Amino acid sequence: MKIETRIADPLKYPTPALIIGCFEDSENELFINCDAMLGGYLRRIIAGKEFCGKVNSSRLIDTLGKLQAERLLLVGLGKKSELNVEQLRQAAGGSMQALKVARISSFASALHLSWMAKTALEAVCEGTLLGSYAFEQYKTKDRAERFNFEEMTLLQPKETDGKADIARIERTKTICEGVRLARDLVSQPGNVVTTGYLADTAMEIAARHSLGCRIYEQSELEKLGMNALLAVGKGAAEPPRLIVLEYNGCDTKGRPVVLVGKGITFDSGGISIKPGAGMEEMKTDMAGGAAVLGAMAAVAGLKLPVNLVAIVPTAENMPDGKAYRPGDVLTSLSGTTIEITNTDAEGRLILCDALHFAQKYKPTALIDLATLTGACVVALGHEASGLMGNDQRLVDALKAAGERCGERLWQLPLWDEYGEAMKSDIADLKNAGSRDGGSITAGWFLKQFVGKNRWAHLDIAGTAWSDKHRPYSPKGATGVGVRLLIEYLSVI
Ligand code: BES
Ligand code: MN
Ligand code: ZN
């Protein structure tokens, strides 16, 4: 969607639809002026309780020629004193649904004028771009009737700095492109997004932004000794790979932040096969890798002054005559031996090799994202990602970034006692314990492979995919992690 700003009075701007924000407990000037021009119609709607300005509610009305705008979309913002950046993002995102239903593809917005904060413009752009996302590549019928948004014009008062506005919009677009990339990768099925597809995507990002890029193919992984990653990929026709992208945004000798994302392109569970019901959702098991690639593309696009490395270990977890099996013992890249007690606990295996590999970069912070455990969904549902780490300052910084961008995180402990569950009779560790504290024991397992580096782990199993529409995240892939990482990397 094209986004422009225009210095214009919303009351006098001709457009198919004008979006205005309405509070539950007070009337803003624009509302009062629109109401006057519509002969008191807006107040009658409010009096009749058809629309009362509650958060995430909206009402589309025809202006019957009384306003320059053909239609007015009233969007609820809740109580005036409680308005914040997340609510504005949600209001903008939610209004996309209302416009889509009415098939209004070009419109003007005054929503950002409801809040006198510099971030209002970004919040409205972000909500709009993310809320209008749709993944329709495989819908082949009625293509001609497909609806597409074309243009939003943000109306600004006289005194605004147009250049600063454009910079804010460009920044938001770049971030939302990163989210879109992650959502697309997660939405695509496992027969399309293979380990090779992820590698090609990484190479495209590298070419576009002149990044360092290296794809370690199977034979190189064998030479390196990444046996945990190799084992997980053994049952699949598509070979496992390790994807590495490097971006230098500041002093080339400066130590980087290293991001690691789980890239299981499909998780059948392997020999410890999963139940059939809902298995299709396991195409999303590369959401951590997708987030890391989306974040890298956005960071490079924004030219953030950081050094950043993105690592995506990728494999497909399938049952087969060649597949790894329960009882197998693997020697991981770090030399730590692992007894396999469940081939469905594969994420921690590909990550343990990638995390050990990451240590060679001497990271200032090492952050992994993974759809790692069903237990995390049991613990936190779909409203927050699990957060663990060995450095409270890093954990707190990530948590704060999550609050700011609306991707919430909740910390779980990683006390040594949790390690008891991961002891093996035959090897140094086993890869799966009991169900108890399943997200934590998985996190504890990863911790054994990060050395003394500052590290945090995000379990996004419950947040990478949504079964319901959310205001700025339509049903399906959420792209979680991209905005969080940008937010974190923008302030360090
Ligand atoms: N990819 C799954 C976790 C998952 C579950 C992601 C639901 C998204 C939604 C992971 O590889 C897995 O299978 N974990 C097992 C671990 C167990 C065998 C120790 C789980 O959570 O059941
Ligand atoms: Mn699994
Ligand atoms: Zn998995």
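The values are calculated or read from the model by the stated rules, or taken from the named source; none is laboratory data. Computed from a predicted structure; not experimentally measured. No Cβ is skipped: glycine too gets one built from the backbone with ideal geometry, and neighbour counts run over all protein chains shown. In case anyone asks, the SASA skips ligands and DNA or RNA and just uses the protein heavy atoms, side chains included. Shrake-Rupley method; radii C 1.70, N 1.55, O 1.52, S 1.80 Å.
Report yes if some residue within the stretch 33-54 is in contact (Cβ under 8 Å) with a residue 12 or more places away in the chain and either closer than 21 Å to residue 176 by Cα or assigned by TED's automatic domain parsing to the domain that holds residue 477 (or both); otherwise report no.
no
Taking the condition of being surrounded by fewer than 19 Cβ atoms within 10 Å (Cβ to Cβ) and either over 21 Å from residue 112 (Cα atoms) or not hydroxyl-bearing (Ser, Thr, Tyr) (or both), how many residues in the stretch 9-22 meet it?
In the first step, residues of the stretch 9-22 are kept if they are surrounded by fewer than 19 Cβ atoms within 10 Å (Cβ to Cβ); the result is 9, 11-14, 16.
Of the ones still in play, those that are also either over 21 Å from residue 112 (Cα atoms) or not hydroxyl-bearing (Ser, Thr, Tyr) (or both) are 9, 11-12, 14, 16.
Going through the stretch 9-22 one residue at a time, the tally reaches 5.
Quick check on this structure: which one of 67, 73, 121, 99 is under 23 Å from residue 406 (Cβ atoms), open to solvent by less than 50 Å² (accessible area, probe 1.4 Å) and not in a helix (DSSP H, G or I)?
Numbers: 67 fails: under 23 Å from residue 406 (Cβ atoms); 121 fails: not in a helix (DSSP H, G or I); 99 fails: not in a helix (DSSP H, G or I).
Unique residue meeting the criteria: 73.
Got a number for residues in the stretch 144-160 being more than 28 Å from the chain's Cα centre (by Cα) and open to solvent by 90 Å² or more (accessible area, probe 1.4 Å)? Explain how you work it out, then say what you get.
First, the residues of the stretch 144-160 that are more than 28 Å from the chain's Cα centre (by Cα): 144-145, 155-160.
Remaining after also requiring open to solvent by 90 Å² or more (accessible area, probe 1.4 Å): 144-145, 158-159.
Counting residues in the stretch 144-160 that are more than 28 Å from the chain's Cα centre (by Cα) and open to solvent by 90 Å² or more (accessible area, probe 1.4 Å) gives 4.
Output the number of the condition that residue 306 fails; it satisfies all remaining conditions of (1) closer than 17 Å to residue 465 by Cβ; (2) of a type in the set (Val, Ile, Thr); (3) surrounded by fewer than 24 Cβ atoms within 10 Å (Cβ to Cβ).
(1)
Report yes if some residue within the stretch 309-330 is more than 15 Å from ligand 3 (Cβ to nearest atom), of a type in the set (D, E, K, R) and under 18 Å from residue 178 (Cα atoms); otherwise report no.
No, because not a single residue in the stretch 309-330 is more than 15 Å from ligand 3 (Cβ to nearest atom), of a type in the set (D, E, K, R) and under 18 Å from residue 178 (Cα atoms).
Testing residue 351 on (1) open to solvent by 20 Å² or more (accessible area, probe 1.4 Å); (2) within 16 Å of ligand 2 (Cβ to nearest atom), one condition comes back false. Which one is that?
(1)
Residues that are among the polar types (S, T, N, Q), surrounded by fewer than 16 Cβ atoms within 10 Å (Cβ to Cβ) and assigned by TED's automatic domain parsing to the domain that holds residue 297: list the strands (runs of 3 or more DSSP E) wholly contained in the stretch 380-492 that include at least 2 such residues. Don't jump to the end; show me each part of the working.
On the way: elements: 385-389, 409-411, 455-459.
It comes to none.
Quick check on residue 5: is it over 31 Å from the mean Cα position of the chain (by Cα) and buried (at least 16 other Cβ atoms within 10 Å of the Cβ)? Give the derivation first.
Numbers: over 31 Å from the mean Cα position of the chain (by Cα): no; buried (at least 16 other Cβ atoms within 10 Å of the Cβ): yes.
So residue 5 fails the test.
Can you say whether residue 346 is over 21 Å from residue 214 (Cβ atoms) and buried (at least 24 other Cβ atoms within 10 Å of the Cβ), as far as the supplied structure shows? Quick ask: steps written out before the conclusion?
On the way: over 21 Å from residue 214 (Cβ atoms): yes; buried (at least 24 other Cβ atoms within 10 Å of the Cβ): yes.
Yes: the conditions hold for residue 346.
Scan the stretch 25-35 for residues that are more than 24 Å from residue 122 (Cβ to Cβ) and surrounded by 13 or more Cβ atoms within 10 Å (Cβ to Cβ) and report the count.
Residues flagged as more than 24 Å from residue 122 (Cβ to Cβ) and surrounded by 13 or more Cβ atoms within 10 Å (Cβ to Cβ) within the stretch 25-35 amount to 4.
Evaluate the following for residue 89: is it free of Cβ contacts under 8 Å to residues at least 60 places away in the same chain and not polar (S, T, N, Q)?
On the way: free of Cβ contacts under 8 Å to residues at least 60 places away in the same chain: no; not polar (S, T, N, Q): yes.
It is false that residue 89 is free of Cβ contacts under 8 Å to residues at least 60 places away in the same chain and not polar (S, T, N, Q).
Considering only residues that are within 14 Å of ligand 3 (Cβ to nearest atom), of a type in the set (Gly, Ala, Ser) and surrounded by fewer than 17 Cβ atoms within 10 Å (Cβ to Cβ), which ones fall in the stretch 248-287?
If the condition is that a residue be within 14 Å of ligand 3 (Cβ to nearest atom), of a type in the set (Gly, Ala, Ser) and surrounded by fewer than 17 Cβ atoms within 10 Å (Cβ to Cβ), then 278 is the only one that fits.
Among the residues of the stretch 309-329, how many are away from ligand 2 (no atom under 16 Å from the Cβ) and open to solvent by less than 20 Å² (accessible area, probe 1.4 Å)? So that I can check it myself, show each step before the final result.
Taking the stretch 309-329 first, the residues away from ligand 2 (no atom under 16 Å from the Cβ) are 309-312, 321-322, 327, 329.
From the residues that got through so far, the ones that are open to solvent by less than 20 Å² (accessible area, probe 1.4 Å) too are 309-312.
Residues meeting the conditions: 4.
Could you give me the residue pairs with C-beta distances under 6 Å whose first residue belongs to the stretch 186-200 and is assigned by TED's automatic domain parsing to the domain that holds residue 478, whose second residue is assigned to a helix (DSSP H, G or I) and surrounded by 21 or more Cβ atoms within 10 Å (Cβ to Cβ) wherever it lies, and which are 6+ apart or on separate chains?
186/284; 186/287; 186/290; 189/283; 190/283; 193/185
Please find, among 254, 276, 270, the residue that is farther than 19 Å from residue 333 by Cβ, assigned to a loop (DSSP other than H, G, I, E, B) and in contact with a helix residue (DSSP H, G or I) (Cβ under 9 Å, 6 or more places away or on another chain).
Going through 254, 276, 270 in turn, the sole match is 270.
Quick one: is residue 370 under 20 Å from residue 461 (Cβ atoms), out of contact with any Pro (no Cβ under 9 Å at 6 or more places or on another chain) and within 16 Å of ligand 2 (Cβ to nearest atom)?
Values: under 20 Å from residue 461 (Cβ atoms): yes; out of contact with any Pro (no Cβ under 9 Å at 6 or more places or on another chain): yes; within 16 Å of ligand 2 (Cβ to nearest atom): yes.
Here the answer is yes, as residue 370 does meet what is asked.
Would you mind stating whether residue 336 is β-branched (Val, Ile, Thr) and within 16 Å of ligand 2 (Cβ to nearest atom)? Let's see the steps before the verdict.
On the way: β-branched (Val, Ile, Thr): yes; within 16 Å of ligand 2 (Cβ to nearest atom): no.
No, not satisfied.
Quick one: which strands (runs of 3 or more DSSP E) lie wholly within the stretch 137-249 and hold at least 2 residues that are closer than 30 Å to residue 101 by Cβ? Give the derivation first.
Numbers: elements: 151-156, 212-216, 241-248.
In the stretch 137-249, the matching strands (runs of 3 or more DSSP E) lie at 151-156.
Can you confirm whether the stretch 39-53 contains a residue that is open to solvent by 60 Å² or more (accessible area, probe 1.4 Å), closer than 21 Å to residue 96 by Cα and part of a loop (DSSP other than H, G, I, E, B)? Break it down into steps so the answer makes sense when it comes.
Narrowing the stretch 39-53 to residues open to solvent by 60 Å² or more (accessible area, probe 1.4 Å): 41, 43-44, 47, 49-50.
Still in the running and closer than 21 Å to residue 96 by Cα: 50.
Filter again for part of a loop (DSSP other than H, G, I, E, B), leaving 50.
Within the stretch 39-53, one or more residues are open to solvent by 60 Å² or more (accessible area, probe 1.4 Å), closer than 21 Å to residue 96 by Cα and part of a loop (DSSP other than H, G, I, E, B).
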